[in-house]
Structure formats: C-alpha cells, structure tokens
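Have a look at the structure below, then the notes.
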Amino acid sequence: MLTNKNLFFLIIQAQIGIGILGLPYILYNHVQQDGWMSLLIAGVLAQGIIIVLVALSRTSPKETFYELNLRLLGNVLGKIVNISYVLYFISFSLLLMILVTDVINTWILHQTPRWAIILMLLIATSYIAKERILTISRSFLFFSFWFIVLIFLLILVYPQDIHFGRLQPVGSNSFTEIIKASPDAFVSLIGFELILFIMPFIKNPKKSLMVLSIANLFTLMLYIFLFITCVISFSGVQLSLIQAPLLYLFRGLSFEFVERIDIIFLSFWIVPISTTLVIQLFNASLGVQKLFSIQRKKSVYLLSFILLCLGLLPINLTMTESLSSIMIYLNIIFVFIFPALLLIIAKLKGIKG
Amino acid sequence: MAESHNEFLSSDLTQNLKIIEEKMKQTADLKRRKLTFHGEAIILLYLDTMTDKESIELHIISPINKQESKSIENALGTKQFSIMTTFKDISCSLAEGNTILLTENCNIAYSIATLSDEKRAINESLNEKVTMGAHDSFVESAATNISLLRKRLRTPEFKVEYQTYGSETNVEVAICYLESKADPTVLHSIKSRLEKIKNDDLINSRQIQEALEDYPYSPFPQSLRTERPDRAVFNLLNGNTVIFLEHEPSALITPISFYSFLRSPEDYNSRWFVNFFYYSLRLLAFIMSVTLPAFYIAVNAYHSAILPVSTFYTLKLSVLNVPFHPLIEAVMMQIVLELLKEASVRLPSAIAQTIGTVGAIVIGSAIVQTNFISNTMVVVIAITAVSSFVIPIGEMSTSMRLMGFPLIFLAAIFGFIGIAFGLMVFTTHLVKLTSAGKVYVEAPEIFESFLNKHPKNGKGQDTNAHE
C-alpha cells in the first residue's frame with residue numbers, strides 16, 4: 001500500500017518531465033516577464049482540478065477510474081469512455097516520445113535513428129511500468145535525486161551574470177493575456193490525474209488531498225523558481241529565441257573538470273522524463289487490463305509494442321506541433337472536464353440512491 | 001514380501017549380522033568386534049573410517065570387559081545411546097558414524113554416538129578481514145559455529161532448530177534466531193521455503209540460498225553469506241535469521257538489506273566519523289565499480305565536449321595510437337583483469353604473488369606500450385577493480401563488477417543516455433527485490449527524517465525503536 005511519501009514522489013515524478021526544458025521559453029514568448037503569474041494561475045487551476053479528482057475518487061475509494069466509469073455510465077458508454085482514455089494516454093505517450101527523441105537528436109545523439117531511442121526508452125519504461133505501483137513509487141523516490149541536482153545547478157547559476165531588474169515591470173501584460181498563457185503552463189503540471197487510478201492502492205486515502213496539494217505546490221514552486229532564474233539570466237531577446245533555455249543556462253556553467261553541464265544534465269534528465277512515460281503507461285495498462293481482462297504485465301507489453309509501431313511512423317515537425325496543440329485541449333478535457341462531469345453524475349446518483 | 005519379514009531385528013545374531021552387512025553393501029570399512037558380557041556374545045559394528053576408536057575403547061569396550069555392571073545399559077552409562085529395532089535405522093545410524101551393539105538372543109540393538117569430530121581449529125577469517133574487532137571465523141562444523149554465536153549471545157532467547165535435508169546426503173541444517181526479535185511471519189516463510197528443498201544432493205549453501213531467495217535469477221545476492229560470527233550476531237540482534245549448513249564454514253543471513261553488504265563489522269567498532277567515512281567510501285566504491293568504465297567510454301566515444309580543453313588533449317593523446325574502439329579496449333581489459341584475479345585465487349599462495357608481478361608489470365605496462373590499450377583505460381579499469389574489492393562481501397563485489405558490463409555496452413551504443421537508462425533499470429530491479437519477504441533496498445533514512453517524523457506505518461516491528 002502506498003504511504004503518503006510514496007504518493008508524493010509518484011505525483012511529482014508524474015508532473016515534472018520534459019516540460020521543464022522549454023517552459024520558460026513558451027511562457028516568455030506569450031507574456032514576457034509576467035510568465036510566473038500565468039504559472040500561478042495554472043497552479044491554482046491545477047489545485048482546483050486536484051480537489052475535483054480527489055472528490056471523485058473518494059466517492060468509491062476501492063475502485064479505479066475505469067471501474068468507476070463502468071459502474072456510473074453503464075457498460076457500453078463506460079467502455080467507450082475507457083477506450084478513449086486509453087487512447088488519450090497512448091497519444092500523450094506518443095507525443096512525449098517524439099519530443100524526447102527530438103531533444104536527444106538535437107542536443108546529444110545527432111545521428112541516432114528515432115526508432116533506436118524509442119526502443120530503448122520503451123524497454124526501460126515498460127520494465128518499470130510492469131511492476132506493482134508500490135515498487136514504481138519506491139524507485140521514483142531514488143530517481144528524485146535528480147530534482148536535487150536540478151535545484152543545486154539552478155542555485156549555481158545565481159553567482160553568474162544576473163539582473164533582477166529583468167523581472168520588471170510587473171504586470172505589463174493585460175490580465176486576459178496572462179490567463180491565455182496559462183494553458184501552456186498547465187500542460188507541464190499534468191500528471192496528478194494518476195490519483196484516479198491509484199486510489200485503491202493508497203493506505204491513507206483521507207490524507208491524499210493534502211499530499212497531492214503539497215506535491216503540486218512543490219512542482220509549481222520549482223517551475224516558478226526556474227522561470228525566474230531564466231528571466232534574470234537571459235536578456236529578453238535571448239529568451240525569445242532559445243527554445244531550451246534551461247540547457248543554455250547550464251551551458252554557461254563550467255568547472256575545473258567538467259564543461260558543458262548541459263549535456264550531462266540532459267542525458268540524466270531522461271530519467272524524470274521517462275517516469276512521466278512510466279505513469280502514462282501504467283494508467284493506460286490499467287485500462288487495457290480492464291477492457292480485455294488480460295494481465296497488467298501483458299497489457300504493458302502490448303501498449304509498448306503499439307507505441308513502438310506508432311513511433312516508427314514518419315512524423316514531421318508540423319505533425320508534432322499540431323499534435324501538441326491538440327494535446328493541450330485534450331488534457332483539459334480528459335483531466336478536468338470529464339472527471340468533473342463524472343463527479344456531478346456520481347453525486348446525483350448518490351442523492352438518488 | 002521377504003523384505004518386510006526382515007525389517008525388524010530377530011533374535012538370531014548371525015542372521016542379523018548378515019542382513020546388516022548386506023544393507024551396508026559389504027563395505028570394506030565396516031568393522032566388527034566380538035566381546036562377551038556375562039557369558040553372552042556381543043557384537044560391535046562400526047565404520048572404521050568415521051568413528052573415534054579411542055572413544056569406543058574407553059566408553060564401550062572397557063566397561064563391558066570389566067563386567068562390573070549388571071546390564072548393558074548400565075555398562076554404557078557414561079555414553080549417549082539409543083535403542084533400535086529395525087535394520088533401516090541401524091544402517092542409517094552406522095552411516096552417521098555411530099557404533100551398533102548387538103547381543104545374542106535379543107531383538108534390539110544399541111546405537112552409541114561415537115562419531116569422531118575431527119575439525120579445523122577456529123582460524124582467522126580469510127575472506128572478511130578486519131583490523132579492529134574479533135578475528136575468529138566459522139569452521140566446517142555447525143555445532144562449533146553455533147557455540148561461537150552462543151558465547152556471544154548468552155540469552156535463553158537464542159533458539160536453534162535442526163532439520164535434515166537431502167535424501168542422499170542427509171545434511172543437517174541449523175536455523176538460529178532470537179525468539180524475541182525475529183518476525184514470526186518471516187520465520188514461517190523461511191521454514192516453508194526450506195521444506196521445499198527437493199535436492200537429493202544438498203551439499204552447498206548455494207542450494208539453500210536458491211531455495212530461500214525470492215528472485216534466484218537476480219544478479220544480486222539476497223542472503224548474506226559470512227564467515228564472521230560477529231556479523232552473524234549483529235544480524236541476529238536485528239531480528240534476522242542465521243542458517244548453518246553442516247560442513248559449510250559460513251552462515252547464511254536472511255532477510256538482509258542491500259546496505260548490509262556495504263558494511264563491515266569493523267564499522268560498528270570504530271568512532272562515528274570513521275564509520276561514516278568508510279561507509280560513504282564504500283557507497284562511492286559501489287557507484288564507481290558499476291558506472292566508471294561506462295562513464296569513461298561514453299566520454300571518450302561521444303561526449304568529449306564535456307571536458308575542458310586541457311583535459312581533452314590529455315585524453316586524446318593517450319588514445320591517439322590505440323587502434324580499437326573504447327568498448328573493445330574496456331572489454332579486453334576487464335577480461336584480462338578477471339583472468340588475473342581468477343588465476344591468483346587458484347594458484348598456491350607462493351606462486352600467486354608472481355601473478356601480481358605478471359599482471360602489474362608485464363600486462364599492465366607492456367599492453368600500454370604496445371598501444372593495444374590506452375593508459376587511461378588501464379587506470380579506469382584498475383580503479384573499477386579496486387573499488388569493487390572494497391566491498392566486504394565477495395559475492396556482492398563480483399556481482400557489482402559484472403553489473404558494469406551491460407552499462408559498458410549501453411554506453412558504447414547510446415553514450416550518457418544509455419547509462420541513464422541502464423541505471424534506471426538497475427535501480428528498479430534493486431528496489432523490486434525482496435529478501436525473505438522484506439524490502440531489499442530501503443529508501444535512505446534522510447528522507448524518513450524530514451518527511452515522515454513518526455514512522456508508525458507498521459513497516460516492521462521495530463519501527464518505533466528509535467523514537
């Protein structure tokens with residue numbers, strides 16, 4: 001059974017991933033130095049969704065989301081919803097894989113074919129995802145070492161050439177624009193929907209809301225810290241041009257033995273990125289397990305195989321971009337709107353019953 | 001059905017003797033002595049090769065010859081004996097080194113314990129040396145080993161259970177634990193696992209280890225084999241179980257945590273900062289022995305950009321004339337190193353020193369001069385080997401060094417990313433492992449202390465011990 005500590009590390013590992021690399025760039029291009037406000041708004045939104053999700057999963061803490069769907073919506077409609085959730089997780093994983101391979105191809109391994117990276121990524125993640133959720137969370141705790149490394153490296157940036165003045169003027173953008181930018185920030189906070197699927201495994205469901213909120217707060221604080229560090233280190237022109245500001249930030253650091261911290265950091269940042277994929281695979285495999293009544297281990301292998309085949313398709317930049325812009329809306333539908341509807345249905349049924 | 005007729009001893013002495021000799025397959029070392037006791041013929045049967053003749057002379061033959069006591073039971077009064085009625089029991093008992101005493105016109109036999117206990121004296125531990133602390137080590141006798149533990153643990157809580165396994169070898173297995181400390185469910189699972197040992201030929205502790213381990217195919221040992229009584233006692237006090245196999249000079253400790261393999265009994269015998277330093281050193285050695293060659297290959301083959309210019313030139317100069325890919329270099333050097341190590345273990349100690357010279361001078365420097373392997377690679381592999389030798393338990397040390405190989409290949413294919421993925425899988429594998437149902441790798445305690453002030457989540461019995 002998952003303790004609070006396990007839950008915390010599961011959630012932060014599910015949230016923090018590849019988004020961290022480009023987040024400051026995207027936000028800066030929308031609302032310049034006010035990006036941290038968008039982040040805050042996205043965080044508050046995420047907090048609201050967390051409350052909804054926890055309330056939904058608390059209506060029957062012994063069931064996963066898929067079982068809840070089947071019970072509340074009936075067999076046919078429930079199955080359709082379950083299938084669409086599995087498809088959502090598959091497309092999320094696919095997008096993630098494409099983004100990872102793109103980053104690796106640009107920064108580290110320029111010649112390695114996409115399929116090779118995807119194959120290795122899937123072997124490693126399916127090895128983890130096939131384990132019990134407790135094992136997954138305990139290994140995530142060890143992987144969280146990289147967050148400490150990240151924070152440490154970010155602090156090392158501060159003695160360099162920084163200007164706090166770049167944060168001013170505060171609130172130069174209109175409020176609507178700041179809100180408009182928040183969906184972009186929200187994408188990087190996704191991951192807490194995991195709670196819908198692991199509620200039956202939690203030892204202390206009453207504390208789950210608090211743990212999730214703390215995890216969300218941690219992620220949000222990390223992102224804001226990162227954004228501010230980027231804004232004060234780069235000039236406005238620089239930041240609007242470089243797509244991976246975090247890596248350029250580390251590129252400026254050099255030590256006696258090592259230069260190019262960015263390469264080492266990115267190589268090992270693959271671990272927190274993969275954990276997001278592990279969680280997506282885990283969520284999807286629960287659904288496949290429910291739909292086809294096969295072992296979860298086998299459903300993980302099946303999903304990995306499907307993802308490998310999808311990854312082999314020739315995907316160009318425009319397709320990736322359209323996929324990621326679709327995903328922004330799909331995220332909100334699948335993570336927020338639908339669970340909220342389901343919560344209303346559950347409450348109505350509860351009143352009737 | 002002639003067999004069942006002959007199952008029990010008859011009153012016919014010659015008939016009995018004949019059947020016993022047949023049961024023992026007329027082995028040449030089965031000796032018999034004929035005596036008379038108050039006019040009755042007495043036959044002593046024993047295996048010449050296993051029994052202690054002095055004890056037979058002193059405790060059996062001389063009291064009988066003196067004819068002082070009325071009955072045989074009284075004559076044997078000073079010696080431990082049991083009464084047997086079937087041929088099967090008698091032949092088994094003979095095979096265990098007991099002496100069988102048969103009398104005329106009597107359908108029972110006496111089996112007297114006369115096993116000669118020739119054993120090695122308690123020596124200094126060869127494989128787990130310490131500079132501070134006790135120097136005794138286990139020997140090939142389970143009874144002596146248990147006595148070594150008992151001398152340190154003078155408490156009635158210390159409990160020993162004997163079981164015999166292996167239908168051919170009939171080896172005694174002793175399970176020792178502290179009744180007050182050991183977790184009953186863990187104990188139960190250990191016992192039920194031992195029950196499942198089906199091997200006819202149980203001779204190695206590895207066979208017991210295989211039966212006890214939850215993941216026998218994992219490269220990491222999930223039960224600790226030690227030669228040191230102080231380590232065994234320390235683990236007993238922590239609620240673990242110690243298992244002895246007769247004729248094995250080591251104890252198997254289970255359940256065990258991964259961190260115990262990085263601990264030497266010396267640690268608990270020294271000041272806290274010395275202890276802390278050496279423990280950290282071993283953790284570092286663990287990390288280095290697994291990742292260092294892979295890291296070097298990744299830097300050399302893919303990521304030379306991470307090096308500052310001066311270091312970069314030093315590295316490139318050393319690999320300039322080497323015709324091989326760093327992967328091949330590393331694999332060659334690792335194999336040479338394993339060969340040297342294996343050779344020095346097999347050879348008698350006088351010649352083994354020669355291997356050191358051959359290894360260091362002939363192979364080490366000549367291989368560099370011939371440009372087969374670069375200087376830096378020799379240094380890297382040597383540091384890796386030395387780091388793995390730091391690990392106090394040999395079994396773990398070898399596992400660690402071999403775990404480096406998959407990482408070397410991954411690093412050669414994918415560079416740092418390969419290492420990251422490899423380490424991810426290793427971590428998950430280690431985290432997945434359980435030892436006798438207990439978690440093998442716990443999260444570091446630092447997290448415990450600042451996230452969960454009151455660890456009352458029932459992770460075991462002793463979670464409240466430090467509150």
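If R0 is taken as 51 Å, the Cβ-Cβ distance between B:LEU153 and A:THR318 corresponds to a FRET efficiency of 0.10. Between segment B:57-116 and segment B:330-350, how many Å separate their Cα centres? Rounded to whole Å, the Cα centres lie 54 Å apart.
Calculated from DSSP H runs of 4 or more alone, at -39500 (n - 2.57) each and per residue, what is the 222 nm mean residue ellipticity of the protein assembly as shown, nearest 500?
Working: 36 runs with 482 residues, N = 820.
The per-residue figure over the protein assembly as shown is -19000 deg cm²/dmol.
Taking all protein chains together and a probe of 1.4 Å, list A:SER299, A:SER235 from the most accessible to the least accessible. Walk me through the numbers before you get to the answer.
Numbers: A:SER299 0, A:SER235 40 Å².
Largest to smallest exposure gives the sequence A:SER235, A:SER299.
Just need the relative contact order of segment B:221-330 here, percent rounded to a whole number, with Cα pairs under 8 Å and 6+ apart.
Working: 77 pairs, mean separation 20.2, N = 110.
Computed value for segment B:221-330: 18 percent relative contact order.
Each residue of segment B:124-133 was assigned a 3J(HN,Hα) from its phi angle through the Karplus curve 6.51 cos²θ - 1.76 cosθ + 1.60 (θ = phi - 60°); the sequence is 6, 5, 8, 9, 10, 7, 10, 8, 10, x Hz, with glycine and proline shown as x.
Report the equivalent ellipsoid semi-axes for chain A in whole Å, largest first, defined as the square roots of five times the eigenvalues of the gyration tensor built from alpha carbon atoms. Could the numbers behind the result be given before it?
Details: eigenvalues 225, 114, 71 Å².
Square roots of five times the eigenvalues give 34, 24, 19 Å.
Note on chain A: GNM, Cα springs under 10 Å; of A:ILE11, A:ILE326, A:ILE224, the largest mean-square fluctuation is that of A:ILE326. Toward the positive end of the charge dipole of chain A, with +1 on the Cβ of Lys and Arg and -1 on the Cβ of Asp and Glu, the farthest Cα among A:LEU7, A:ILE123, A:VAL100 is that of A:LEU7. Hull volume per residue, based on the alpha-carbon atoms of chain B and their convex hull, is 215 Å³.
If you keep only loop residues by DSSP, which GluC sites (Glu not before Pro) in segment B:1-63 have at most 13 other Cβ atoms within 10 Å of their Cβ? Qualifying residues, ordered by number: B:GLU7.
Within the straight-line cut-off of under 21 Å between alpha carbons, the lysines reachable from B:LYS53 are B:LYS31, B:LYS34, B:LYS66, B:LYS79, B:LYS119, sequence neighbours fewer than 8 places apart in one chain being disregarded.
Report the relative contact order of segment B:2-113, percent, no decimals, based on alpha-carbon pairs under 8 angstrom and at least 6 residues apart. Before the final figure, lay out each step's value.
Working: 173 pairs, mean separation 38.0, N = 112.
In percent, rounded to a whole number, it is 34.
Placing +1 on each Lys and Arg Cβ and -1 on each Asp and Glu Cβ, with no other charges, gives chain A a dipole about its Cα centre of roughly 1680 debye. Within a straight-line Cα-Cα reach of under 16 Å, B:LYS129 can be paired with the following aspartates and glutamates, leaving aside sequence neighbours fewer than 8 residues apart in one chain: B:GLU227, B:ASP230, B:GLU266, B:ASP267, B:GLU395. Result for chain A in a Gaussian network model with C-alpha springs under 10 Å: among A:ASN69, A:ASN105, A:ASN316, the largest mean-square fluctuation is at A:ASN316.
Extension gain, A:ASP161 to A:ARG58, is 32.1 nm, computed as 0.36 nm per intervening residue step minus the present C-alpha separation.
Determine which residues of segment B:218-257 fall in the zone a paramagnetic label at B:PHE409 would reach in this model, i.e. backbone nitrogen under 19 Å from the point 7 Å along Cα→Cβ. Only B:218-220 pass the distance filter.
In the full protein context, chain B carries 50 Å² of accessible surface per residue, based on a 1.4 Å probe and ignoring ligands, DNA and RNA. Set against the 2.2 N^0.38 Å expectation for a compact globular protein, segment B:2-113 has a Cα radius of gyration ratio of 0.99. Within a straight-line Cα-Cα reach of under 26 Å, A:LYS347 can be paired with the following lysines, leaving aside sequence neighbours fewer than 8 residues apart in one chain: A:LYS62, A:LYS79, A:LYS203, A:LYS206, A:LYS207, A:LYS290. Sort segment B:111-248 into rounded, prolate or oblate with this rule: let a ≥ b ≥ c be the square roots of the eigenvalues of the Cα gyration tensor; rounded if a/c is under 1.5, and if a/c is not under 1.5, prolate when a/b is larger than b/c, oblate otherwise. Verdict is rounded for segment B:111-248. Distance between the modelled labels on A:LYS203 and B:CYS92, one decimal in nanometres: 4.6 nm (7 Å Cα→Cβ projection).
Would you tell me the mean number of C-beta atoms belonging to other protein chains that fall within 10 Å of each C-beta in A:2-12, as a whole number? Kindly include the intermediate steps, with their values, before the conclusion.
Numbers: counts 0, 5, 3, 7, 1, 0, 2, 3, 0, 0, 0.
Counting other chains' Cβ atoms within 10 Å and averaging over A:2-12 gives 2.
What whole-number value in Å² describes the accessible area per residue of chain A for a 1.4 Å probe? Show your work: numbers first, answer last.
Values: 14500 Å² over 353 residues.
Per-residue accessible area for chain A comes out at 41 Å².
Each chain gives up part of its surface: A and B jointly bury about 3200 Å² of accessible area, both sides summed, for a 1.4 Å probe. Compute accessible area for segment A:77-115 by itself and then with all protein chains, 1.4 Å probe, and report residues whose area falls by 50 Å² or more. Residues meeting the cut-off: A:LEU109.
For the set B:HIS59, B:HIS247, B:HIS429, the ranking by accessible area, highest first and with no ligand, DNA or RNA atoms included, is B:HIS247, B:HIS59, B:HIS429 under a 1.4 Å probe. Here A:ASN29 and A:ILE337 are evaluated by their C-beta separation; at R0 = 30 Å the FRET efficiency comes out at 0.65.
Ligands, DNA and RNA left out, the 1.4 Å accessible surface of the protein assembly as shown is 63% carbon and sulfur atoms.
With the charge dipole of segment B:6-64 set up from +1 on Lys and Arg Cβ and -1 on Asp and Glu Cβ about the Cα centre, the Cα lying farthest toward the positive end among the listed residues B:GLY39, B:THR51, B:GLN26 is that of B:GLN26. Simple rule: put +1 on each Lys or Arg Cβ and -1 on each Asp or Glu Cβ in segment B:142-256, find the dipole, and look at B:PRO255, B:LEU153, B:GLN209; the Cα lying farthest toward the positive end is B:LEU153. Computed 3J(HN,Hα) for segment A:110-122, one whole-Hz value per residue from the Karplus formula 6.51 cos²θ - 1.76 cosθ + 1.60 where θ = phi - 60°, is 6, 9, 4, x, 4, 4, 5, 5, 5, 4, 5, 4, 6, glycine and proline marked x.
Residues of segment B:412-434 that bury at least 50 Å² of accessible area once all protein chains are present, compared with their chain alone (1.4 Å probe, heavy atoms only, ligands and nucleic acids left out), are B:PHE414, B:PHE416, B:ILE417, B:ALA420, B:PHE421, B:MET424, B:VAL425, B:THR428, B:VAL431, B:LYS432.
With an 8 Å Cα cut-off and a minimum separation of 6 or more residues, compute the relative contact order for chain A in percent. Present the calculation step by step, with values, prior to reporting the outcome.
Values: 434 pairs, mean separation 145.2, N = 353.
Reported as a whole number, the value is 41 percent.
Around B:TYR296, under 14 Å between beta carbons, what's the net of Lys plus Arg minus Asp minus Glu among the other residues? List each step's numbers first, then the result.
On the way: positive: B:LYS316; negative: B:GLU329.
Net charge in that neighbourhood comes out at 0.
Averaged over every viewing direction, what's the projected area of the C-alpha convex hull for the protein assembly as shown? Give it in nm², one decimal, please.
Numbers: hull surface 192.1 nm².
Result: 48.0 nm².
Rounded to the nearest whole Hz, the Karplus-based 3J(HN,Hα) values (6.51 cos²θ - 1.76 cosθ + 1.60, θ = phi - 60°) of segment B:63-70 follow the sequence x, 6, 5, 5, 6, 7, 7, 6, with x at glycine and proline.
Run the Debye formula on the Cα coordinates of segment B:268-445, all scatterers equal and no solvent, and tell me log10 I(q)/I(0) at q = 0.09, 0.13, 0.14, 0.16 1/Å. Ignoring solvent entirely, the Cα scatterers give -0.38, -0.78, -0.88, -1.08. Assuming charge only on the beta carbon of Lys and Arg (+1) and of Asp and Glu (-1), the dipole of the protein assembly as shown about its Cα centre is about 2420 debye to the nearest 20. Amide H to amide H distances under 5 Å link A:ILE202 with A:LEU2, where only residues 5 or more positions off or on other chains count and H is placed in the peptide plane. Heavy-atom accessible area with a 1.4 Å probe sorts B:LEU178, B:LEU283, A:LEU73, largest first, into B:LEU283, A:LEU73, B:LEU178. Relative to the Cα centre, the charge distribution of segment B:268-445, modelled as +1 at Lys and Arg Cβ and -1 at Asp and Glu Cβ, gives a dipole magnitude of about 120 debye.
Annotation note: chymotrypsin sites (Phe, Trp or Tyr not before Pro) in segment B:293-327 located in DSSP loop regions with a Cβ neighbour count of at most 16 within 10 Å are B:PHE324.
The values are calculated or read from the model by the stated rules, or taken from the named source; none is laboratory data. Only a predicted model underlies this, so the values are computations on that prediction, with no experimental measurement involved. No Cβ is skipped: glycine too gets one built from the backbone with ideal geometry, and neighbour counts run over all protein chains shown. To get the accessible areas, we keep the full protein, side chains included, count just its heavy atoms, and leave off ligands, DNA and RNA. Shrake-Rupley method; radii C 1.70, N 1.55, O 1.52, S 1.80 Å.
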